[in-house]
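Trainee: Sending over a structure as structure tokens; questions will come in a sec.
The values are calculated or read from the model by the stated rules, or taken from the named source; none is laboratory data. Small disclaimer: the values here were computed from a predicted structure and weren't measured. Please note: Cβ atoms are built from the backbone with ideal geometry, for glycine as well, and neighbour counts cover all protein chains shown. Just the protein is used for accessible areas: all its heavy atoms, side chains included, with ligands, DNA and RNA removed. Shrake-Rupley method; radii C 1.70, N 1.55, O 1.52, S 1.80 Å.
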Amino acid sequence: MREKIVALLDVQQAQTVWEVGPGIGAITSLLLEKGTKVTAFEIDHGFCRILSEQAFADELSFRLIAGDALKTLPLTLGQEGAPDRLCGNLPYNVGSVVIAKVLESDYRPPVMVFTLQKEVVDRLCASPDSKDWSSFSMLAQMDYEVKPAFSISSGSFYPPPKVTSSTVVFTLRPQSLVPSQLRHLFLLVIRDLFAQRRKTAKNNLLSGKIAAQVGKEGVEELLRRSGVDASKRAEALVWSDFIALSESLSSYQAK
């Protein structure tokens, strides 16, 4: 399994690789053998001791950043910019949050490979008009091509989790699906529209942050200008609808 993950990363010698949740360094050792410079983000004190005092104590190409990756990863991104590769076997309770923090930042590694709960991978890779299509899907796919690689049985982990795991690959698009000047507004639009899946686009907008900014009449004008069907639910909309709403919001704010 670890060989497959390293192959998906397609690393080259001297590249920088950041690994979240390395454990005792099973994948880390393979990455170092490839001649990469590895930065490991690990919260578990026991694993930190093993990594720094035993496994890679004399490895000059290894760096450990101890602590909660939800805090240390965004901080390091801000200080150093994006690495060449980012990977991790992410805890199920915070995996989606870790990925969202990277995707919402201004730094985008060219390739990212994560092992996650299968349900999270399904959401990341979902298509419009499917039950898994969400703002999280759009956040992932606006800058990356996101594809599932393979599933992993629970017996491959110790202790074995009670869920199925999958590995997912993010490959940076040559050009984002969202114009840079609309990025902030686009994220606001998708969060509002997917806030409550059973509500229509109009009702979600009326009860969200956009309505707090522009009011009821403003929401109605945005929908009218964009040409988006106000009676549809968010999962029935396509990329061009979300872009059109973002453009309308931008124009409205510029008035």
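Trainee: Do we find that residue 187 is under 23 Å from residue 132 (Cα atoms) and under 19 Å from the mean Cα position of the chain (by Cα) in this structure? Don't jump to the end; show me each part of the working.
Mentor: Working: under 23 Å from residue 132 (Cα atoms): yes; under 19 Å from the mean Cα position of the chain (by Cα): yes.
Spelling it out, residue 187 is indeed under 23 Å from residue 132 (Cα atoms) and under 19 Å from the mean Cα position of the chain (by Cα).
Trainee: Taking into account only those residues within segment 102-154 that are free of Cβ contacts under 8 Å to residues at least 40 places away in the same chain and assigned to a loop (DSSP other than H, G, I, E, B), which is most open to solvent (accessible area, probe 1.4 Å)?
Mentor: Step by step, filter segment 102-154, then rank; the result is 106.
Trainee: Another one. Do we find a residue being of a type in the set (A, V, I, L, M), touching a helix residue (DSSP H, G or I) at 6+ places or on another chain (Cβ under 7 Å), assigned to a loop (DSSP other than H, G, I, E, B) and open to solvent by less than 10 Å² (accessible area, probe 1.4 Å) anywhere in segment 81-96?
Mentor: For segment 81-96, residues of a type in the set (A, V, I, L, M), touching a helix residue (DSSP H, G or I) at 6+ places or on another chain (Cβ under 7 Å), assigned to a loop (DSSP other than H, G, I, E, B) and open to solvent by less than 10 Å² (accessible area, probe 1.4 Å): present.
Trainee: Out of the residues in segment 214-230 meeting the condition of being of a type in the set (Gly, Ala, Ser) and not in a helix (DSSP H, G or I), tell me which one is most open to solvent (accessible area, probe 1.4 Å).
Mentor: 227
Trainee: A further question on this structure: Counting just the residues of segment 184-231 that are in contact (Cβ under 8 Å) with a residue 24 or more places away in the chain and among the charged types (D, E, K, R), which one comes out farthest from residue 242 (Cα to Cα)?
Mentor: By that ranking, first place goes to 198.
The rows are residues; the columns are (1) over 21 Å from residue 106 (Cα atoms); (2) among the basic types (Lys, Arg); (3) modelled with pLDDT of 95 or more.
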position	(1), (2), (3)
152	yes, no, no
156	yes, no, no
162	yes, yes, no
201	yes, no, yes
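Trainee: Six or more apart or on different chains, Cβ atoms under 7 Å: show the pairs whose first residue is in segment 5-19 and within 14 Å of residue 61 (Cβ to Cβ) and whose second is buried (at least 21 other Cβ atoms within 10 Å of the Cβ) and of a type in the set (D, E, K, R).
Mentor: Hits for this filter: 11/85; 15/85; 17/85.
Trainee: Anything in segment 196-208 that is aliphatic (A, V, I, L, M) and open to solvent by 70 Å² or more (accessible area, probe 1.4 Å)? List them, or say none. Spell out the reasoning first.
Mentor: As a first pass, look at segment 196-208 and keep what is aliphatic (A, V, I, L, M): 201, 205-206.
Of everything in segment 196-208, nothing turns out to be aliphatic (A, V, I, L, M) and open to solvent by 70 Å² or more (accessible area, probe 1.4 Å).
Trainee: Report yes if some residue within segment 140-156 is more than 20 Å from residue 89 (Cα to Cα) and not polar (S, T, N, Q); otherwise report no.
Mentor: Yes, segment 140-156 contains a residue that is more than 20 Å from residue 89 (Cα to Cα) and not polar (S, T, N, Q).
Trainee: A further question on this structure: Could you tell me which of the residues 172, 177 is within 30 Å of residue 47 (Cβ to Cβ), surrounded by fewer than 18 Cβ atoms within 10 Å (Cβ to Cβ) and modelled with pLDDT of 95 or more? Full working, then the answer.
Mentor: Numbers: 177 fails: within 30 Å of residue 47 (Cβ to Cβ).
Result of the check over 172, 177: 172.
Trainee: Only one of these is within 30 Å of residue 14 (Cβ to Cβ), open to solvent by 60 Å² or more (accessible area, probe 1.4 Å) and either assigned to a helix (DSSP H, G or I) or among the hydroxyl-bearing types (Ser, Thr, Tyr) (or both): 75, 70. Name it. Full working, then the answer.
Mentor: Numbers: 70 fails: open to solvent by 60 Å² or more (accessible area, probe 1.4 Å).
Criteria check complete, one pass: 75.
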